[in-house]
């Protein structure tokens, strides 16, 4: 029983956000379903590294796209960044966070969320 609960917990954590490059970046959103017009607040965790220059956060939906960028100061940058997207209309969105160096994408995390109509 304990093993089954542990496995379920690990699967839930793995399903929360997919990341790459040794978990360079992680998305934390409280909830997966929101009511339109939605205000979605998220915390983006970025592993400090001297090569980090830009954090790009995108919400990509069927009928709406929104993005923002944060300038990073390499390994002296704070780890947690709070971002808020307001007034998202109904739809399914892929939220994507990318950490970029001067030349490449160092890491990407994605998470899906759904905004439902009233």
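Computed from the coordinates by the stated procedures, all read-outs in this text should not be read as laboratory data. For clarity, every value in this text was computed on a predicted model and none was experimentally measured. No Cβ is skipped: glycine too gets one built from the backbone with ideal geometry, and neighbour counts run over all protein chains shown.
See the values below:
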{"quantity": "Two-site label geometry, residue 28 and residue 76: point separation in nm, points 7 Å out along Cα→Cβ", "calculated": "2.5 nm"}
{"quantity": "Peptides ranked, highest mean first, by Cβ atoms within 10 Å: ranges 89-96, 106-113", "calculated": "106-113, 89-96"}
{"quantity": "The stretch 18-116 - convex hull of the alpha-carbon atoms, volume per residue in Å³", "calculated": "81 Å³"}
{"quantity": "Ordering of 44-51, 26-33 by burial proxy (mean other Cβ atoms within 10 Å per residue, highest first)", "calculated": "44-51, 26-33"}
{"quantity": "Point-to-point label distance, residue 36-residue 103, nm (Cα→Cβ direction, 7 Å offset)", "calculated": "4.4 nm"}
